[in-house]
Structures are given as structure tokens and as C-alpha cells.
Amino acid sequence: MAQSPVLSISRRIRSTPFTRRVEAAGVKGYTVYNHMLLPTVFDTLESDYHHLKSKVQVWDVACERQIEVRGRDALRLVQMLTPRDLRGMNPGACYYVPMVDETGGMLNDPVLLKLAEDRYWISIADSDLLYWIKGIAYGFRLEVDVVEPDVHPLAVQGPLAEDLMSRVFGEAVRDIKFFRFTPMPFEGTYLNVARSGYSKQGGFEIYVSDAALGEPLWDRLFAAGEDLDVRPGCPNQIERIEGGLLSYGNDMTRENTPHECGLGRFCDTTLAIGCVGRDALLRVASEGPIRQIRSVAIDGDPVPTCTDPWPILANGERVGRISSAVWSPDYQTNVALGMIRMTHWAPDTRVEVEAPDGMRTAVVQKGTFSQRAV
Ligand code: THG
């Protein structure tokens, strides 16, 4: 095989406040997410994976950019973006919120943080949501400011995350509940710390609201966690597929509704008055989707990387597509996510997958891999 081409980094591909530390730690691969560097591997995908599932890692996820919506019409604007009912949301809460266009198509799947009655952060996945939000704010003459603030998330993930975080922020971090955040003191200021993150191993996300604090915070975490074997890490492709965590742009696009993505539990479409996709989604919510994302086990040797989706076939007919796939050391099979037609989405359905290196047999799973024993 030819050597992989390199990614030329320029000003359009933004570095983060942690990039110097990430590079000093020997990062081996990057992707680009929200026009910003996102590490993909430090040691090997598999050793990063085993370490994440047993210890604690610090992740540069500054590419989870924040869109701040602030002003008298903040709630009105944010509710226009999502079919999740935001009326019961309190300051200090994080909500996972599908965001949709007027056809009910997915535009992003961010985490929404409510900072105050008139102030929200939308912690976005990889799409240029800022322009859609600014367009709506301008078009409806809303009394809001919509900006990308100087905020850079750093995640601490893994079973020992709570032990490490308590050494830097104090025992009070142990009281932070899942999908809640609270300001925690650091170097004479306060940083919002949430119990959340893009893994199923537990952990926190620190919203570093001053780029100058990035390196001091990184260094404090590594100094405090030496005996815990803390390592730099990043969202891990194996672990996130096992856990069924979706990747916008890979597993779903504007062509999909939240219901097709299995995000119907985050929609209260009848209650979400004002959501621009409400009428379109009321129809699909009442009838139900005719295809949906499922976990799939693909037989055979480790699969190559899934770039263009792979057809899923049954009796020679196309019944879906695989969007993410990788070999799982713990489950000793290829774990995958794919969109499958309702005729073939039942657990234990046997299908075929047209991988680039040939046809393989595969089995539709019940729930995610991480919900079953290894
Ligand atoms: N954290 C923050 N911002 C983010 C991500 C994150 N922005 C980009 C991307 N990740 C957005 N996508 C997701 C996908 C899944 C989850 C969070 C963000 C997630 N899901 C939980 C799960 O599926 O188990 C469910 C959450 C719930 O029950 O409410 O955490 O990771 N800041």
C-alpha cells in the first residue's frame, strides 16, 4: 500500500489551546472537526481503547465549538432549532438535542447548556450551525447575540476520571450529576465542569473559557494523575461504535430525521412549539420511521476503514448501508453502525454487507454492543 497522504495544516484548520501539549505527547493522527484539529490516535487505536476502558484520559475536544445565544429571545431562538421541549430546562442542565431544518432533517446533534434564563451554549457536532442560527436570528429580528465565544472543552474520560478530577477541582466534582454542570474554581477563576463526554466510560468535560488556561489545566491534570497512569486520548472509534454514540456527517446527515437516528427519545415534537421542523416531524413521529440506525456485527477479519457507506443486502436487495465499522478486541467481531430498512431491522436478522474487500455476513444487534456482555 502507498503511504497515506499528510494533512497540510493552515490557518483554516484551527489549532486549539491544547495543540502544543497534544503534539508534545506524540499525537499520531488528526481529523478536522468544525474546521479545527481533533486527535484520532495517540498510541494505537486498540491500545488507546484498552486504556480508555480501564484508566483515565485527557482529551482535546476544543473542536466541540460553543455557539452562545444570549438575550431576551434566547429561549425562543433555541426552541426554534430543536424538537426537544426546552421549557422545563433549568440553569446548570445539559440536554442532548437533535437540531433540524424545516424538513425535519438533522443539522447537528449538540449538547445544549443552559447558563442562565437568557443565555445558552450550544456545544456543536461537525456542521456550520452558526450560520443557520444567525440567519434565523436575523430573519425573525430576534433580540439575541449569536457568537462563538473563547471556550474550549477538555474532556476527562475513563473509570478513574472522578479520582483525577477530584485532585484538581476538589471533592465537590463527585457530586456533579450526569448531564449537569457547575462552575468550579481554577487558578483564580471559574470553569464550567459537566459530567458528560463522548464515551460510555464516564467522565467530565471542562469548558475552558480562556485559551490561556489551556496549558496550565493540561499540566495540572497530568501532574495530579501520574500514579493513575493518565494519558492523552481522544474520542475512540472502537469504543464509540460499541456504545452506539453517533457521529454527525458519518452516521447521519440532513437526509435523516431524528427518529431515523434513534433520537426520538430526545424529541417532544407536539410540545416543541416554535421548532421550525415541527410540522414535518409531527408527520414522521406519528407514522414512525421506515429505516433506523442499528448496531450490526460484521463477520470475518478486521474490516478496512468505512469511508463511503457500504451497502447492506438481503437476498440481493439493498436494505441499508453501513456508515461506521471497526474491529472490536473485546467483542472479537467487527462492530458497526448502519441505517437499515424496517423489514430487516429486527434483532438477529442476518444480512450481507458489501465491504470494499468483499461480501461478508452480518447480524443486526439488539441495542448497542456495550449493553451486552463481552
Ligand atoms: N460533548 C459536548 N459537545 C459535543 C459532544 C460531546 N459536541 C459534539 C458531539 N459530542 C455531539 N454529539 C453527541 C453525541 C452523544 C452524546 C453527546 C453528544 C451523548 N449521548 C448520551 C448517550 O447516547 O449515551 C446520551 C445523553 C443523554 O442521555 O441525555 O452523551 O460529547 N460537550
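The values are calculated or read from the model by the stated rules, or taken from the named source; none is laboratory data. Owing to the predicted nature of the structure, the values given are computational and were not obtained by experimental measurement. Heads up, the Cβs are rebuilt from the backbone with ideal geometry, glycines too, and the neighbour counts pull from every protein chain shown.
Odds and ends about this structure:
- Scanning the range 229-240 for residues that are part of a loop (DSSP other than H, G, I, E, B) and within 13 Å of the ligand (Cβ to nearest atom) yields a total of 3.
- Arg141 vs. criteria within 19 Å of Arg278 (Cα to Cα), part of a loop (DSSP other than H, G, I, E, B), among the basic types (Lys, Arg) and away from the ligand (no atom under 16 Å from the Cβ): no
- Within the range 260-287, the residues that satisfy the criterion of being part of a loop (DSSP other than H, G, I, E, B), of a type in the set (Val, Ile, Thr) and either within 16 Å of the ligand (Cβ to nearest atom) or touching a residue at least 60 places away in the same chain (Cβ under 8 Å) (or both) are Thr269, Ile273, Val276.
- All positions within the range 48-94 that are touching a helix residue (DSSP H, G or I) at 6+ places or on another chain (Cβ under 6 Å), assigned to a loop (DSSP other than H, G, I, E, B) and not basic (Lys, Arg): Val56, Pro83, Leu86
- Members of the range 174-209 that are more than 16 Å from the ligand (Cβ to nearest atom) and either in contact with a Gly (Cβ under 6 Å, 6 or more places away or on another chain) or at negative phi (or both): Arg174, Asp175, Pro185, Phe186, Thr189, Tyr190
- The residues of the range 110-127 that are more than 18 Å from Tyr207 (Cα to Cα) and surrounded by fewer than 18 Cβ atoms within 10 Å (Cβ to Cβ), listed by number, are Glu117, Asp118.
- Positions within the range 168-190 being touching a residue at least 24 places away in the same chain (Cβ under 8 Å) and buried (at least 16 other Cβ atoms within 10 Å of the Cβ), in sequence order: Val168, Phe169, Val173, Ile176, Arg180, Phe181, Thr182, Phe186
- Candidates Ala336, Ala272, filtered to the one that is of a type in the set (A, V, I, L, M, F, W, C), surrounded by 21 or more Cβ atoms within 10 Å (Cβ to Cβ) and in contact with a Pro (Cβ under 8 Å, 6 or more places away or on another chain): Ala272
Residue-wise test of (1) within 14 Å of the ligand (Cβ to nearest atom); (2) more than 30 Å from Phe222 (Cα to Cα); (3) crowded, with 24+ Cβ neighbours inside 10 Å; (4) of a type in the set (Asp, Glu).
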site: Pro83; (1), (2), (3), (4): no, yes, yes, no
site: Cys94; (1), (2), (3), (4): yes, no, no, no
site: Pro98; (1), (2), (3), (4): yes, yes, yes, no
site: Leu129; (1), (2), (3), (4): yes, yes, no, no
site: Gly135; (1), (2), (3), (4): no, yes, no, no
site: Val156; (1), (2), (3), (4): yes, no, yes, no
site: Asp163; (1), (2), (3), (4): no, no, no, yes
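- Any hit, the range 241-259, residues being within 14 Å of the ligand (Cβ to nearest atom), modelled with pLDDT of 95 or more, in a helix (DSSP H, G or I) and closer than 18 Å to Ile293 by Cβ: yes
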